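Please read the structure below before turning to the comments.
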Amino acid sequence: MRIQGFATGAYRENAWLVSDGAAAVLVDPGAEPERLLAAVRGAGASLSAILLTHGHLDHLSALPALLAAAPGAAVHVAPGDADWCFTARNALPPYEPVLEPPAGLARDLVEGAEIAAGPATFRVLATPGHSPGSVCLLLEDATLPHPVLFSGDTLFAGSIGRTDFEGGSDAAMAASLRRLAALDPATAVLPGHGPATTIGRERAANPYLAR
């Protein structure tokens, strides 16, 4: 299994491609859909699914072009963000248009769910705070040397996601961070923005995890 990251768009949002040479999953495809589709083709794979750690437009604006090219790909999001992320409440004028909800949108990224998508199975950790439906996706696979956490905008290297957007919560974020701090220190953290890190590194140096 191979994991590739792509910093996309004006917000340099990290889209992550998980593939095994046959099937592929994209996590948080924020922008530059042609670049992401080229990466899927370069991996020799077909796009099976798209997983959204949360509903902000900088993490999902590539959806229409991706689904036009791969109409069979399922889109998964948490119910707490599905309720607003395809409405005017998610507008970022004049930067990104509000999107129509994809046909067959799966609102199944709920606490404890095991999502079998393409080459992998992801375990959903509900981590509200940045948004009401923010989740992290934990990937544990025998082909990987350590667990991998797709942390969206909950946890960054040395920092955390903002809580001052609509639906954000300092208290919920603090609880989510305590939960992440309890994960295996070797867990690789692949965030929605910025460089990759590990849980151990963040426990030692990130002031928000040390609180």
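Could you look through region 158-198, keep only residues that are of a type in the set (S, T, Y) and assigned to a loop (DSSP other than H, G, I, E, B), and pick out the one that is farthest from H59 (Cα to Cα)? Working first, answer last.
Going residue by residue through region 158-198, those that are of a type in the set (S, T, Y) are 159, 163, 169, 176, 187, 197-198.
Within this subset, residues satisfying the condition of being assigned to a loop (DSSP other than H, G, I, E, B) are 163, 169, 187.
Numbers: T163: 16, S169: 19, T187: 22 Å.
Among them, the one singled out is T187.
May I ask you to verify whether A103 is over 18 Å from the mean Cα position of the chain (by Cα) and closer than 20 Å to L47 by Cα? Don't jump to the end; show me each part of the working.
Numbers: over 18 Å from the mean Cα position of the chain (by Cα): yes; closer than 20 Å to L47 by Cα: yes.
So A103 passes the test.
If I160 satisfies every condition in (1) loosely packed, with under 13 Cβ neighbours inside 10 Å; (2) among the β-branched types (V, I, T); (3) within 25 Å of R12 (Cβ to Cβ) but one, which is the exception?
(1)
Do you know which residues across region 125-157 are part of a loop (DSSP other than H, G, I, E, B) and over 23 Å from R12 (Cα atoms)?
Filtering region 125-157 for residues part of a loop (DSSP other than H, G, I, E, B) gives 127-134, 140-147, 153-154, 157.
If the condition is that a residue be part of a loop (DSSP other than H, G, I, E, B) and over 23 Å from R12 (Cα atoms), then E140, D141, A142, T143, L144, P145, H146, P147 are the ones that fit.
Which residues, counting only those in region 48-89, are under 23 Å from G21 (Cβ atoms), out of contact with any Pro (no Cβ under 7 Å at 6 or more places or on another chain) and without any contact (Cβ under 8 Å) to a residue 60 or more places away in the chain?
Matches in region 48-89: A69, A70, P71, G72, A73, A74, H76.
Checking the structure you have, find out if any residue of region 116-124 is assigned to a loop (DSSP other than H, G, I, E, B), of a type in the set (A, V, I, L, M) and surrounded by fewer than 17 Cβ atoms within 10 Å (Cβ to Cβ).
Here is the first cut: in region 116-124, the ones assigned to a loop (DSSP other than H, G, I, E, B) are 118-119.
Within this subset, residues satisfying the condition of being of a type in the set (A, V, I, L, M) are none.
No: region 116-124 contains no residue that is assigned to a loop (DSSP other than H, G, I, E, B), of a type in the set (A, V, I, L, M) and surrounded by fewer than 17 Cβ atoms within 10 Å (Cβ to Cβ).
Only the coordinates and a few stated rules stand behind these numbers; no lab work does. Bear in mind that the values here come from a model prediction, so they are computed numbers and not experimental data. Virtual Cβ from ideal backbone geometry, glycine too; neighbours counted across all protein chains shown.
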